[in-house]
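Since every read-out is calculated from the coordinates, none of them should be taken as a lab result. All values reported here derive from a predicted model rather than from experimental measurement. Because the Cβ atoms are built from the backbone with ideal geometry, glycine has one as well, and the counts that use them run over all protein chains shown.
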Ligand code: ATP
């Protein structure tokens, strides 16, 4: 009998609590050999007992589970969202999930704000460094509250961190195909090395060194500002993009816009060989939480990505095909032009997939 994969589920806050039940339902409908264990980490628990994640929480996740599925964390009742920061950044940093992988694919031309763009024109992936950069909270303030206040936010770039994310991008390019079945061919590094010369210089040198090991893969470089402009002028040439933590954060929200908005975007936080974490690109979206209007497809496509990562390619493909059918038949939520509620869209999809 197939060994069921153990999935830790953290629905979290806001719309996370609405989209994750849809993802679980759809994964079950696809017949994936998984078992879910739900965790109550999130704002409610934090407000009740001040726990963000239990002291041994991250080591338990790494030891006892094959993957983690997260909805979203963030709640206006928690000052500075300390719980979200500790849980999400805790997972990324303490479990060393260094590669944030965000596929950008357009399911239907109607979802893209650009004119004359077809689904085949938007099929790229952004690989974002996930453990360094400006997210390490290194820095400080001096003379706070005075007219002479100084704030310093350090940008951490280590040789090890830069090399492993660039190598991950080349490996990804070498082993993944585009949706039309053609091989991926090009890795583009995005930075701001004209202004951030020290960090950018390290990225530039390492990129050239690692690229030399992959002579069949084309390479390209763009400054982040030029890349943003190119992405909305013509997204066709993009294939695999590798970049640092902050540029990756910004560029992937822009890229999500090309595929129908935050409600359609999936992501994985990976470390090959270790327990990895999968979460939709969107946050907890407090203004729309609890209204049954959140688009569940980002979370559902995230779950499909998780299944593919766990070796369940057929179940993953079944889910992606189901989402494509839902989009084409307009069984979708209002953010992408439909009339269905979160639960109705999830039910329709689960039922469709179960029948396939
Ligand atoms: P964070 O800072 O964690 O990213 P946020 O509230 O600033 O959280 P999001 O939660 O990503 O940002 O959402 C911003 C807005 O995008 C929401 O208020 C909502 O209008 C829209 N949005 C995000 N996710 C979805 C979704 N799944 N379905 C529909 N609309 C969404």
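Some points to look at:
- Mean-position separation - Cα centroids, segment 285-356 and segment 159-193, in angstrom: 27
- Segment 98-270 - percent relative contact order, Cα under 8 Å, separation 6 or more: 35
- Structure remark: mean-square fluctuation, Gaussian network model of the chain, C-alpha springs under 10 Å; the largest value among 272, 235, 215 belongs to 215.
- Segment 13-161 - convex hull of alpha carbons, volume per residue in Å³: 218
- Peptides 294-301, 200-207 ranked from most to least packed give 294-301, 200-207, packing being the mean of other C-beta atoms within 10 angstrom over each peptide's residues.
- Burial ranking of peptide ranges 104-111, 303-310 (average Cβ count within 10 Å, highest at the top): 303-310, 104-111
- Packing-based order for 9-21, 113-125, using average beta carbon neighbours within 10 Å, highest first: 9-21, 113-125
- Relative contact order (percent, whole number), segment 193-320, Cα cutoff 8 Å, 6+ residue spacing: 15
- Convex hull of Cα atoms in segment 206-340, direction-averaged projection (nm²): 10.6
- Distance from segment 20-38 to segment 121-139 (C-alpha centre basis), Å: 28
- At 1.306 mPa s and 10 °C, Stokes diffusion of segment 12-77 via Kirkwood alpha-carbon radius, µm² per second: 120
- Ranking of 193, 267, 182 by count of other Cβ atoms within 10 Å, fewest first: 182, 193, 267
- For residue 197 and residue 59, the FRET efficiency from 1/(1 + (r/R0)^6), where r spans their Cβ atoms and R0 equals 41 Å, is about 0.60.
- Per-pair calculated FRET efficiency, R0 = 45 Å: residue 151 and residue 321 via Cβ, rounded to 0.05: 0.40
- Segment 43-94 and segment 194-254: distance between their alpha carbon centers, rounded to Å: 31
- Each Cα pair under 8 Å and six or more residues apart adds its separation to the average, and for the chain the resulting relative contact order is 24 percent.
- Hydrodynamic radius by Kirkwood, which averages 1/r over all alpha carbon pairs of the chain, in angstrom: 21.0
- Average 1/r across all pairs of distinct alpha carbons in segment 98-270, invert it, and you get the Kirkwood radius: 16.9 Å.
- Ranked list, fewest to most other Cβ atoms within 10 Å of each Cβ, for 146, 131: 146, 131
- Treating r as the C-beta distance of residue 292 and residue 137 and R0 as 35 Å, the FRET efficiency rounds to 0.45.
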